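Bear in mind that the values in this text are calculations on the coordinates, not laboratory data. Here the structure is a predicted model, which means the values were calculated and not measured. Please note: Cβ atoms are built from the backbone with ideal geometry, for glycine as well, and neighbour counts cover all protein chains shown.
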Amino acid sequence: MVAPALDLKKTPLNDLHRKLGGRMVEFGGWDMPVQYAAGTIGEHLRTRTHAGLFDVSHMGEIDVRGPEAIAFVNKLASNDASKLIDGQAQYSALTTPQGTVIDDLLVYRFAEDHLLLVVNAGTTDKDWGWISSHQTGEAVKLENVSAQYCQIAIQGPQAISILQMLTETPLHEIKYYHFVRGQVDGVDSIISRTGYTGEDGFEVYAPPDKAEQLWSKILDAGNYGSEEGVLPCGLAARNTLRLEAGMCLYGHEIDETTTLLEANLGWITKLNKGDFIGREALAKQKEERIKRKLVGFEVTDRGIARDHQDILIDGQKVGIVTSGSPAPFLKKNIGMGYVPVEFANVEQNIEIDVRGKPVSAKIVALPFYKRAK
């Protein structure tokens, strides 16, 4: 096994990943498991049918406290934090003056004067710099509290029954995108009904020194090692799961060159909430209409579309693949990418330039996969 580069950050579960046979790679400056012995397909399918366990402790957390916490976050982020109630979370985005995306994030409301922003691992420092630089006299105290949390996600149809064995908190009472403070295996935690897989599940935030205890206890409760037991999952399965669910990945579908409206994220773009960074540009783009749009596609020929390959119509490049991969549960080859709006129609035939060979595909509705309620 290759030793991690000395300058890579490690989550509190790094040693356990290695003991479990995780194949480690560099990701956003972190030493992370890309997969374990079951492989990406095995981990993906187990999450869809039973349960998967993910280390997401590399994500960043930024505390916003004070009487103007909501107003301050509303100035920076596209969604409307004033609509949250205590114990509720929302998906949102930090936007540039051009309406493009600095990062996507979750906003957790603990109280009227206390929000927690959960941001992507590779952009935590950038986000912290952006957020703190835009504090212009508001009555808020900002703190980068990333080092105070581990974050463990249990996802899949059996997630609720597995986690329930370790907590007295009635998990079925927690609505989707809501959270509570409770204990998991006796550890004070935030239990959030959220995830990035398209499945039901929970993300548990807890002190980093309790990470190994919680990870091991969840594996035990989920009968790890049995045919239908919980599996530890790496970054590769997390990526194929979110792609099947049609979820954007920062640095792929969204970045500082893409606007929220182009990325089908108008639903988190609340233009009527009052002013926020990027509002003017987004309102203008909405009025003038977008010129390109993020679409999903299914490969209909032999071949696999991969990130950064060209999308062609009649042999001419019209766009680029932002994410492409086999979809293990759907047993198809799928992808997402941007095309001009005049071509962004379901059943539109396109081609993907796979190493110089045009491979047939067609645009399909997103998401590719939606779990049965």
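General observations
- Inter-probe distance in nm under a simple model that places probes 7 Å from Cα toward Cβ, at Lys141 and Val346: 5.1
- Estimated FRET transfer efficiency when R0 is 30 angstrom, pair Ser226-Leu330 (beta carbons, to 0.05): 0.70
- GluC sites (Glu not before Pro) restricted to segment 204-254 and DSSP loop, no more than 15 other C-beta within 10 Å: Glu227, Glu228
- Paramagnetic reach from Ser161 in segment 26-70 [backbone N under 20 Å; point 7 Å along Cα→Cβ]: 43-54
- Taking the centroid of alpha carbons for each part, segment 149-169 and segment 1-79 are 16 Å apart.
- Radius 12 Å from Cβ of Asp255, net charge of other residues (Lys, Arg +1; Asp, Glu -1): -4
- Backbone amide hydrogens, once placed in the peptide plane, bring Glu256 within less than 5 Å of Val101, excluding anything fewer than 5 places away on its chain.
- Reach of Lys175 by Cα under 26 Å, taken over lysines that are not fewer than 8 positions away in the same chain: Lys83, Lys210, Lys217, Lys270, Lys273, Lys370, Lys373
- 3J(HN,Hα) from dihedral phi, segment 321-331, Karplus parametrisation 6.51/-1.76/1.60, rounded to Hz, x for glycine, proline: 6, 8, 8, x, 5, x, 9, x, 6, 7, 6
- In order along segment 296-304, the phi-based Karplus estimate (6.51 cos²θ - 1.76 cosθ + 1.60, θ = phi - 60°) of 3J(HN,Hα) comes to x, 9, 10, 6, 9, 10, 6, x, 10 Hz; Gly and Pro are listed as x.
- For segment 153-168, Karplus couplings with θ = phi - 60° (6.51, -1.76, 1.60), whole Hz, Gly/Pro x: 10, 10, 10, x, x, 9, 4, 5, 6, 5, 5, 4, 5, 10, 9, 8
- Environment charge at Ala206 (Cβ cut-off 13 Å; Lys +1, Arg +1, Asp -1, Glu -1): -4
- Eligible lysines near Lys126 by straight Cα distance, threshold 20 Å, same-chain separation 8 or greater: Lys9, Lys10, Lys75, Lys141
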